[in-house]
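Asks: Below you will find the structure I want to go over with you.
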Amino acid sequence: MSEPGKNGLTYSDAGVDIDAGNLMVEKIKPHVRSTRRPGADGEIGGFGGLFDLKAAGFTDPVLVAANDGVGTKLKIAIEADRHDTVGIDLVAMCVNDLVVQGAEPLFFLDYFATGKLDPDQGAAIVAGIASGCREAGCALIGGETAEMPGMYSDGDYDLAGFAVGAAERGQLLPAGDLAEGDVILGLASSGVHSNGYSLVRRIVALSGLAWDAPAPFGDGTLAERLMTPTRIYVKPLLKAIRETGAVKALAHITGGGFPENIPRVLPNHLAAEIDLAAVPVPAVFSWLSATGNVEAKEMLRTFNCGVGMIAVVAAEDAARVGEILTAEGETVFTLGRMVARQEGAPGTLYSGTLTL
């Protein structure tokens, strides 16, 4: 009789390396610990992460949840072998969606799936996730690493993120007092963020440039510039919300750009009138538009075009809110105003011309 397992198949023979998974867990523990905050101080490795709302300082909270991914920006990370910042993107895309509802991000969980687990690659990704969590003030309390041979091609992986935040009851956004004449403030983006990368990659292919070629629109390589992580607006916006009480609505400018995202936070009787000439368009968008012959209208419904977030405030509060955001490191500009919406009209109207 043969020894158990000597001639039989193992999980490793099927392409799943349990030891590699355990090694990755050990590698990421310091990164996870670095995200501890009031309400979360446990270790990863249990069957679920714990969070204490009372310890976080809430008395009568409403929970707000969001999830997202990084999209095909991951293909650039894989092809350029740069994995240290996509975790920041993952967190940003989730926590920015929480703060626009007036919620403070509390904790985050990630899902990392790959065909063949590379513990060093996985640890680099989680290091980026931890960096994003620290910037957003939320704890990384758990996640899932899935090694699935046959589901992903060699080197490919996917990420998904899940964030939960809270706001005291009655303090959620948007507020109910949005009105004609309210000012729309724009907060500058850090670049393309994490939307539109299927078009970005198509344009790069048309250009014939390699990922390690000098970027035509700034310092560094093409991959470095296009991998610039999504800006996390959480702490400056929470400060402005809490110190002024004047922020009426916020909108995260993601896929769909101005026309899709701004109306999501507006009542049916109001529209956002955007002065396109006020948008400080980064050079990357000008290059994408010119190289791909992409019209301004398509740019506006695909990319953020330089505006990662908008805030709506009463005209008399615009300067005060802008000063706080600027002091917290944001680039703030007056983007437009709220106007009456005619029946059947879109929720976003434009004046001026986008400077591409």
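Asks: Considering only protein heavy atoms and a 1.4 Å probe, what is the carbon-and-sulfur percentage of the accessible area of the chain?
Replies: On the way: 8030 of 16150 Å².
After summing per-atom areas, the C and S share lands at 50 percent.
Asks: What FRET efficiency do you get for ALA175 and ARG264 if R0 is 22 Å and r is their Cβ-Cβ distance, rounded to the nearest 0.05?
Replies: On the way: r = 15 Å, r/R0 = 0.66.
Efficiency at R0 = 22 Å is approximately 0.90.
Asks: Can you tell me the accessible area per residue over segment 206-329, all protein chains present, probe 1.4 angstrom, in square angstrom? Could you put the intermediate results ahead of the total?
Replies: On the way: 5010 Å² over 124 residues.
In whole numbers, segment 206-329 has 40 Å² accessible per residue.
Asks: Enter the accessible area per residue of segment 4-143 (Å², integer; probe 1.4 Å; all protein chains in place). Walk me through the numbers on the way to the answer.
Replies: On the way: 6410 Å² over 140 residues.
Computed with neighbouring chains in place, this is 46 Å² per residue.
Asks: Sticking with the crude label model, points 7 Å out along Cα→Cβ, report the distance from THR353 to ASP19 in nm, one decimal please.
Replies: With each label placed 7 Å out from Cα toward Cβ, I get 6.5 nm.
Asks: As an exercise, use a Förster radius of 35 Å and the Cβ-Cβ distance of ARG36 and GLU316 to find the FRET efficiency, rounded to the nearest 0.05. It would help to have the intermediate numbers written out before the result.
Replies: Working: r = 40 Å, r/R0 = 1.15.
It comes to 0.30.
Asks: If you plug each phi of segment 121-127 into the Karplus form 6.51 cos²θ - 1.76 cosθ + 1.60 with θ = phi - 60°, what whole-Hz ³J(HN,Hα) values come out, in order, with x for Gly and Pro?
Replies: Computed from phi, the couplings for segment 121-127 are 4, x, 5, 5, 5, 5, 4 Hz.
Asks: Spelling out what I want: for every residue of segment 345-355, take phi, set θ = phi - 60°, compute 6.51 cos²θ - 1.76 cosθ + 1.60 (Karplus), and round to whole Hz; glycine and proline get x.
Replies: 3J(HN,Hα) across segment 345-355, in whole Hz: 7, x, x, 10, 10, 10, 10, x, 10, 5, 8.
Asks: Also, quick follow-up: How many nm separate the modelled label positions at ALA213 and GLU295, each set 7 Å beyond the Cα in the direction of the Cβ?
Replies: If labels sit at ALA213 and GLU295, their model points lie 2.7 nm apart.
Asks: Related question: Divide by every residue of the chain the summed helix terms, -39500 (n - 2.57) for each DSSP H run of at least 4, and state the resulting mean residue ellipticity at 222 nm, rounded to the nearest 500 deg cm²/dmol. Don't skip to the answer; put the middle values down first.
Replies: Details: 11 runs with 115 residues, N = 356.
Helices in the chain give a 222 nm mean residue ellipticity of -9500 deg cm²/dmol.
Asks: Among the aspartates and glutamates, select those whose C-alpha is under 18 Å from the C-alpha of LYS297, and discard any that sit fewer than 8 residues away in the same chain.
Replies: LYS297 reaches GLU260, GLU273, ASP275.
Asks: Keeping to pairs on different chains or 8 or more places apart, tell me how many lysine pairs in segment 1-122 have Cα atoms under 23 Å apart.
Replies: On the way: LYS27/LYS116; LYS29/LYS116; LYS73/LYS116; LYS75/LYS116.
Value for segment 1-122: 4.
Asks: Right, another one. Which lysines have a Cα lying under 22 Å from the Cα of LYS248, excluding residues fewer than 8 positions away in the same chain?
Replies: Straight-line reach from LYS248, under 22 Å: LYS235, LYS239.
Asks: Here is a follow-up. If amide hydrogens are placed 1.01 Å from N in the peptide plane, which non-local residues have theirs closer than 5 Å to the one on PHE107?
Replies: ALA139, VAL164
Asks: Follow-up question, since we're still on this one. PRE reach from VAL339 (point 7 Å along Cα→Cβ): which of segment 274-293 fall under 13 Å by backbone N?
Replies: 274-276
The values are calculated or read from the model by the stated rules, or taken from the named source; none is laboratory data. None of the values given here were measured: they were computed from a predicted structure. Positions of Cβ are generated from backbone atoms using ideal geometry, with glycine treated the same way; all protein chains shown enter the neighbour counts. We work out accessible area using only protein heavy atoms, side chains counted, and drop any ligands, DNA or RNA first. Shrake-Rupley method; radii C 1.70, N 1.55, O 1.52, S 1.80 Å.
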